[in-house]
Structure formats: structure tokens, C-alpha cells
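What follows draws every value from the coordinates through simple rules; no lab data is involved. Keep in mind that what you see is a predicted model, and the values were worked out from it rather than measured. Quick reminder, even Gly has a Cβ in these numbers, built from the backbone with ideal geometry, and neighbours come from all protein chains shown.
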Amino acid sequence: MISVPPLQGMSLSRSFDGYIRITFDAFSSLDFPQRLIWEDPALCEELVQDDIPAFNAGYCEWATEELPDQVSVGWAWFRSEDGHTLLAPGGINTNVMLVAAGFHDLGFHKTHELLQSWLTGEQWQPEATAWNGGRPWPRMT
């Protein structure tokens, strides 16, 4: 069982609207042992049709295990021909609503911005976190 001081005094259960309300500090302290990543050729095609230079694309989803309700964060990604892996347009999907210290909602947009900032400090890129059929994910040289 994890014990994270910023979570003290917070009930991490779903609210009436389905969100789990949590402060950014508490969210940043969570452990996400369930990390899924997969390629999606249809997403890559869609991005290319939208003039996004995607060489391949896919999705990531991270989830907690040890809380009363599972916190989940997911996003789409794409890799450009030069090998850079980036977040795809559309942002982050989550069941979290970040709250201020006084427990009032920060709102959808602020939650999205803060989660994107958090993600930039995490190792989520496919080559860092997953294997593709026993082979490293392809990288352009």
C-alpha cells in the first residue's frame, strides 16, 4: 500500500460527475504502475490527413492500482520522421479534476494544462517504456 503525505485528508473516490478530485501535488505523488502503450495505424492516417507529419502514432494509458478508485491518464502520441515523439493534438484524457488547496475545482482547462506540464517531466515515450513484439520501437536514423 502506498503512503503519500499530500493525500492525507483527501478522499480519492469518484464524485457525482465521475471525476476523482485531487490536488496537483497529490496527483504528482501518485505511482502509475499500470502503463500501457500501443501503436494505432488508423490514428497515424488520421493525423497525416490533418497535415500532421506523423511517421507512426498510438496511445498511452497510465493507471494507479492501490487507491479506492483507480486514477487513469491517457493520451495520443505521434512520432515524426526525425524520430521525435510528441503529444498528438487532442490532449489528455483523465478521470481527474484537479482542485486547489481549498478543494475547489481548477476546471477542465487548468487541469489539462497542469497534466500536460506534469507529463513533460515523465518518461512516457514508446522507446523509453515499451517493446514492440520483442523489438525496440522503430527509430529513424
Q. Once phi is turned into θ = phi - 60°, what whole-Hz ³J(HN,Hα) does the Karplus curve with 6.51, -1.76 and 1.60 give for every residue of the stretch 112-124, x standing for Gly and Pro?
A. 4, 4, 5, 5, 5, 4, 4, 5, 5, x, 9, 8, 10
Q. If you place +1 on the Cβ of every Lys and Arg, -1 on the Cβ of every Asp and Glu, and leave all else neutral, what size is the dipole of the stretch 28-120 about its Cα centre, to the nearest 20 Debye?
A. 300
